Amino acid sequence: QVQLVESGGGLVQAGGSLRLSCAASGNIFVIYDMGWYRQAPGKQRELVASATSGGSTNYVDSVKGRFTISRDNAKKTVSLQMVSLKPEDTALYYCYADVTVRDGLVRGDYWGQGTQVTVSS
């Protein structure tokens, strides 16, 4: 009922920048939080950054000052600008959205397919 499509991953050298984007579509009534998780090989998935519909943001400590999340409620998009990338930022990045759908007004979390970010040293 809800699709999240990500773009923008890739390979970059340490110190470089990347911008991830995610667009939500489908049978959406309202979107609450949107954001990004990441999962590196052998590690648990962790929340990188999130943004509420009201504009409040939250970041994991390891990316504070380097990553910036932005959201366009009208376009149903969320982006993650990443600068000063480090090899430890290498992971599969997933967009997520906390959504209530129109059919039955059911609320749930939805995920994108993931986009790979690789930072070489």
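A compact table of results
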{"quantity": "Residues (open to solvent by less than 20 Å² (accessible area, probe 1.4 Å) and either small (G, A, S) or touching an Asp or Glu at 6+ places or on another chain (Cβ under 8 Å) (or both)) located in the stretch 17-30", "calculated": "L20, C22, A24"}
{"quantity": "Which numbered condition D61 misses (of (1) modelled with pLDDT of 95 or more; (2) open to solvent by less than 70 Å² (accessible area, probe 1.4 Å))", "calculated": "(2)"}
{"quantity": "Elements of type strands (runs of 3 or more DSSP E) in the stretch 65-121, at least 1 residues being crowded, with 19+ Cβ neighbours inside 10 Å and polar (S, T, N, Q)", "calculated": "77-82, 115-120"}
{"quantity": "Cβ pairs under 9 Å, 6+ apart, first in the stretch 98-121 and of a type outside the set (G, A, S), second in a helix (DSSP H, G or I) and open to solvent by 90 Å² or more (accessible area, probe 1.4 Å)", "calculated": "V119/E88"}
{"quantity": "Failed item in (1) open to solvent by 40 Å² or more (accessible area, probe 1.4 Å); (2) acidic (D, E); (3) closer than 20 Å to Q116 by Cβ, with E6 passing the rest", "calculated": "(1)"}
{"quantity": "Residues of the stretch 1-29 satisfying the condition of being touching a helix residue (DSSP H, G or I) at 6+ places or on another chain (Cβ under 9 Å), closer than 15 Å to D109 by Cα and hydrophobic (A, V, I, L, M, F, W, C)", "calculated": "F29"}
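Here's the yes/no breakdown for (1) under 18 Å from Q116 (Cα atoms); (2) among the polar types (S, T, N, Q):
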site: S17; (1), (2): yes, yes
site: I31; (1), (2): no, no
site: Y37; (1), (2): yes, no
site: Q44; (1), (2): yes, yes
site: S53; (1), (2): no, yes
site: T57; (1), (2): no, yes
site: V60; (1), (2): no, no
site: K64; (1), (2): no, no
site: F67; (1), (2): yes, no
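The values are calculated or read from the model by the stated rules, or taken from the named source; none is laboratory data. Small disclaimer: the values here were computed from a predicted structure and weren't measured. So basically every Cβ, Gly included, is an ideal-geometry build from the backbone, and we count neighbours across all protein chains shown. Accessible surface areas use protein heavy atoms only, side chains included; no ligands, DNA or RNA. Shrake-Rupley method; radii C 1.70, N 1.55, O 1.52, S 1.80 Å.
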